[in-house]
1. To make sure I understand the rule: partners must be lysines, Cα under 26 Å from the Cα of B:LYS108, and not fewer than 8 residues away in the same chain. Which ones qualify?
2. Which is farthest toward the positive dipole end of the protein assembly as shown among A:ILE93, B:VAL33, A:MET219, measuring Cα position about the Cα centre, with Cβ charges +1 (Lys, Arg) and -1 (Asp, Glu)?
3. When all protein chains stay in place, what accessible area (Å², nearest 10, 1.4 Å probe) is found for A:ARG229?
4. Identify all lysines with a Cα-Cα distance to B:LYS40 below 23 Å; exclude those on the same chain that are fewer than 8 residues away in sequence.
5. Have a look at the DSSP beta bridges in chain B and tell me what percent are antiparallel, nearest 5.
6. Kindly identify chain D as rounded, prolate or oblate by the Cα gyration tensor criterion: order the square roots of the eigenvalues as a ≥ b ≥ c, call it rounded if a/c is under 1.5, otherwise compare a/b with b/c, prolate if a/b is larger, else oblate.
7. List the residue from chain A whose beta-carbon is nearest to the axis that rotates chain A onto chain B, together with that distance in whole Å.
8. If I build a Gaussian network model for chain D, linking alpha-carbon pairs within less than 10 angstrom, which residue out of D:GLN215, D:GLN42, D:GLN153 has the largest mean-square fluctuation?
Amino acid sequence: PAALAQANPVPATGGDPNILQLPEHTTGLGQPVVTDGYGKPSKYEANVQRRQSPGLTQTTQASVSFAPLQSLFGIITPSGVHFERHHQGWWDIDPSKHRLMVNGSDAKMLKRPMVFTMDELMRLPSVSRFHFIECGANTGMEWGNVAVPTVQYTHGMISCSEFTGVPLRTLLEMCGADFKRGRFVLAEGGDGSSMTRTIPMSLIESGEVLVAYGQNGEMLRPENGYPLRLVVPGVQGVSWVKYLRRIELGDQPYGTKDEVLHYVDLMPNGLHRQYTSIQEVKSVVTTPSGGQVLLDKGFYNISGLAWSGRGKITRVDVSVDGGRNWRQARLETPVLSKCLTRFNLDWVWDGKPAIVQSRATDETGHVQGTYAQLRAVRGSRSIYHNNAIQSWLVGEDGEVKNVQLS
Amino acid sequence: PAALAQANPVPATGGDPNILQLPEHTTGLGQPVVTDGYGKPSKYEANVQRRQSPGLTQTTQASVSFAPLQSLFGIITPSGVHFERHHQGWWDIDPSKHRLMVNGSDAKMLKRPMVFTMDELMRLPSVSRFHFIECGANTGMEWGNVAVPTVQYTHGMISCSEFTGVPLRTLLEMCGADFKRGRFVLAEGGDGSSMTRTIPMSLIESGEVLVAYGQNGEMLRPENGYPLRLVVPGVQGVSWVKYLRRIELGDQPYGTKDEVLHYVDLMPNGLHRQYTSIQEVKSVVTTPSGGQVLLDKGFYNISGLAWSGRGKITRVDVSVDGGRNWRQARLETPVLSKCLTRFNLDWVWDGKPAIVQSRATDETGHVQGTYAQLRAVRGSRSIYHNNAIQSWLVGEDGEVKNVQLS
Amino acid sequence: QGERFPGIGRTATPLEIKAWDIDVRPDFAGLPAGSGSVAKGQDVWEAKCASCHGIFGDSNEVFAPLVGGTSKEDIATGRVARLTDQGFPGRTTMMKASQISTLWDYINRAMPWTQPKSLSVEEVYAVTAFLLNLAGVVEDDFVLSDRNIAQVQQRMPNRNGMTTAHAMWPGNEFSGTSRPDVQGSSCMRQCPAETKVSSYLPDHARDAHGNLADQNRLVGPQRGAVTVRQTSE
Amino acid sequence: QGERFPGIGRTATPLEIKAWDIDVRPDFAGLPAGSGSVAKGQDVWEAKCASCHGIFGDSNEVFAPLVGGTSKEDIATGRVARLTDQGFPGRTTMMKASQISTLWDYINRAMPWTQPKSLSVEEVYAVTAFLLNLAGVVEDDFVLSDRNIAQVQQRMPNRNGMTTAHAMWPGNEFSGTSRPDVQGSSCMRQCPAETKVSSYLPDHARDAHGNLADQNRLVGPQRGAVTVRQTSE
Ligand SMILES: [Ca+2]
Ligand SMILES: [Ca+2]
Ligand SMILES: [Ca+2]
Ligand SMILES: [Ca+2]
Ligand SMILES: [Ca+2]
Ligand SMILES: [Ca+2]
Ligand SMILES: [Co+2]
Ligand SMILES: [Co+2]
């Protein structure tokens, strides 16, 4: 298709009919308050949905849906389109019956194993923090080559919310935990798989790991672990155990299914990296992005998201010539640790082919690499932790395509 | 009612049946992904709704619904329960037909009056920022005496979102505005009332006023002005014109209905203050708050919200003895300008009557006053801009009541 | 300017500006030429307004009364005396209106409620004149027009009843100050405080907002109070 | 501790911990005493597992195959040779499993898929033994038990096939470093860059994800591309 002509020329009538003929909403009485006690988006926004990638998984209960990053603004992901990753299906659990147990791997690990109701957890000192959650397999389909058309499918296993909950450290302290011996924590979910992961004690001790019930001002959504999930900032989503029912403090790692059979990164020498947890520095341009068609030549605001599991984003550069030349983008505030950061940059599209890329740097000085740099170390069979620079090719016809370069 | 007994004692069977009898969600297969392309809260959260205050308004189209602050966490208001204030009803406007006009009050005010489509506005450089919006009439029913039972009705005409849009300054610059002569800006909506307000030029020049289309990551909700509204940080909600259709730059204030007949503050001397725009420093405890019943004696996390239309919150103090003694609360990060700030403080309730209050201070040094201090200057017929310290009486039975002191 | 953002926006045409630029300012910029009589206004009122606002503009049915509460004296002083009466309960539109332009502009853009922008220029002049006549501001045979509206402004009962001398406008365009009028205390210990409960909801109003138990989450540090008498089942 | 947060939480009872503390670690902490034979395991498998995973654990129907791709040699070395074959497409569970405890724990907590936690301890031992038998790790007459499981671990084909020497675990519990293994470039001008497009979606896959026009907002800087052939109307 040719670039869509979206100019807004003056009709021969001397004006735009959308102005000259007063629209009905300006000449009538509108809808009353509280048509919905809990409202929803405009009917014109129906295209903004989370979606499955056809053929990606064999069952829909051990599967993924992707957030529509191409249509989102700022850093908050609306909870309605938060990406999903279930391992044995999702549940809407009665919170009055939900319990959290904290125990030790042996009798001496804790002075006192404990049981908490939701009522009790919600009475404890809480914190509220903005963090991204990214599945370790985000962008995983693209390790070898281009596999999917849009940023929804390439990068949509990420979302960002304000979480509210109790630092896990507080609960372990209440139980009289032995933080010297107990260097590994097991988190266990209440779903069918009773999902388990070994959680890094360093993050628990720093107070960052939360036993969370709140997400974007309301309770967690059922798809995201209602009524209780672990928040493990900077760490891949699989560790943010949903429907959290149990915490165990231990002196050994747990070797769970999702740290021995999955979420292991296959290196060229045939070794699997286990316990790869941190989501490293990464970014992606969401406007323009794959599967879109630019309306016209002229001015555009290149916009995208950057994040790092190691802390704050300090800088994002953008290239429109496939990485030969870069310009520094504006970062929207606030720039928070282990949180999405929105970046923006002016661009005048001259109608010629362009390759748009972004490249993030975090506060540890870690710079996002290219596919070539990543594959040189990790090969292309790793599945997880693909944080390569993404390339979008803008064609002369305005159509934007997902490409990889060499 | 007596304080509800919510202890979690061990039954004679040796354990909680919710633990001993494995719950069904841990012994079965759950729901698949994308049961909803746009998800919704748990069915157990149905009580968390926005609500009208019975008898407050004579029509439902010029009316208000209140956000359920008693049930919210952190600082983000879920868009589904964002408070509503319509002056002639709400609309779901087709964004492809929506236009924004920028013109001058006379031919020389702008070099070039302009018309923009949504496509064009969304191509311009955008910013994303977190701000509260508070109706000037929030807490207005309580100027004279206690009138409503819960924090939803006392303080629920406030919400807080991440907004994305174009600085209005950019548009005025594009039109070649005369910023010397043009010291007043009219914003006009596209609803039946074609809502108008005079907007402070100082905030426009600072780049703070936005022509916004994004709210919490998605487009504005229809009830909140889809597809375009003005964001005027720190200023009362009525100025955040919804369904924004026109901006006029002028050399005189506009004396619109909602700055001459309403949103005027009646002083004891019979004078109406006009153009009272800033929402001054204010805070409220949301947990515990009116109409609630504490479960039990023991530990509680007192939690609430603080904000100021003049900038950042620097401090919040909490009293549990009606203002005799105060303790400084923890502020959750980020603390942003003209944005809600969540505060928290430990409290052990001994089962005796207590009067819980909060008192905020902003970065200009402005400290929230008492009803006595406020009424001494402004009387009690002002309706608007009631930022008095709120008192909640916790009874021996655990029930929390809205009270005023003398 | 166009060079900074090529392709974005275009010049508004005169017809377009005419269609949307309808605001009327206190200095009457924007007021279209024309006129309308009180008599004609009464016709318009009875046909298109009275059903909601009452024949005499004093109905409280769908909105607060438009007229009432002003006096001849007020017209002379430009201050509505009743506004100083701390015990007076309600305020009519006419008691507050400092500007006649505000009435003209608002009726023109927003009324009638279900058919805004349907009135002709003459009808707006006329019905505005009628409302002013109800309030005793103009005579029965008055014809309001763009030529005499400035004089009528000088008879508005509350034309002097407003002030912009406050700290709540950001910027220096008005006569305000930057110092807030009310400042709280920062006392932390043994502060002078009023701790007597002097206002609370009476018991009979306990259920005026429905059952609060249904307005709180089912779990958490607390429940909503049951405020509606349980019926036996 | 209780004094800091009076009223919050209580001691978990032994029965409660027994009901929920089901994890089995690589050092076999948590493994209940018991045993199960390959023969019994085959019965369990055919009754409760084969419908999804296939009679020989090699079905790709509902999930990747559980067994296949390992050899006698691998059992000796503890490294699955095929994992170094860059061209080998899939990976079975047995090719990856470095720990036998992982299999036991996961089957016990999560399988069968629609009835997790319904297996007896004996059934879990047995069906684990059966899977290991399919993979040639144990003999047909083997009885797996808590007493011999540590020896079987020493025969797991990929027991040496893992590493924790990387920078992606926060903390020093494992053998990792703090220096990331891949570092990008900060070059800004005339950088050495690969700008040849070498991978993109082939045209025939254009509609594999549906019509992208329906997956983008109706307004904004762009539209979604129409990727589904229009049918004539
Ligand atoms: Ca254009
Ligand atoms: Ca254990
Ligand atoms: Ca308790
Ligand atoms: Ca005008
Ligand atoms: Ca008539
Ligand atoms: Ca059999
Ligand atoms: Co995952
Ligand atoms: Co308002």
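The values are calculated or read from the model by the stated rules, or taken from the named source; none is laboratory data. The structure displayed is predicted, hence computed values, not measured ones. Note that each Cβ is placed from the backbone with ideal geometry, even for glycine, and that neighbours are counted across all protein chains shown. To get the accessible areas, we keep the full protein, side chains included, count just its heavy atoms, and leave off ligands, DNA and RNA. Shrake-Rupley method; radii C 1.70, N 1.55, O 1.52, S 1.80 Å.
1. List returned: B:LYS180, C:LYS18.
2. With unit charges placed on the Cβ atoms, the residue in question is A:MET219.
3. Its accessible surface works out to 10 Å², give or take rounding.
4. A:LYS40, A:LYS43, A:LYS97, A:LYS242
5. On the way: 74 of 79 bridges.
The antiparallel proportion sits near 95 percent.
6. On the way: a/c = 1.66, a/b = 1.49, b/c = 1.11.
Judged from the Cα gyration tensor, chain D comes out prolate (a/c at least 1.5, a/b above b/c).
7. So the chain A residue sitting closest to the axis is A:PRO334, 2.
8. Highest fluctuation of the listed residues: D:GLN215.
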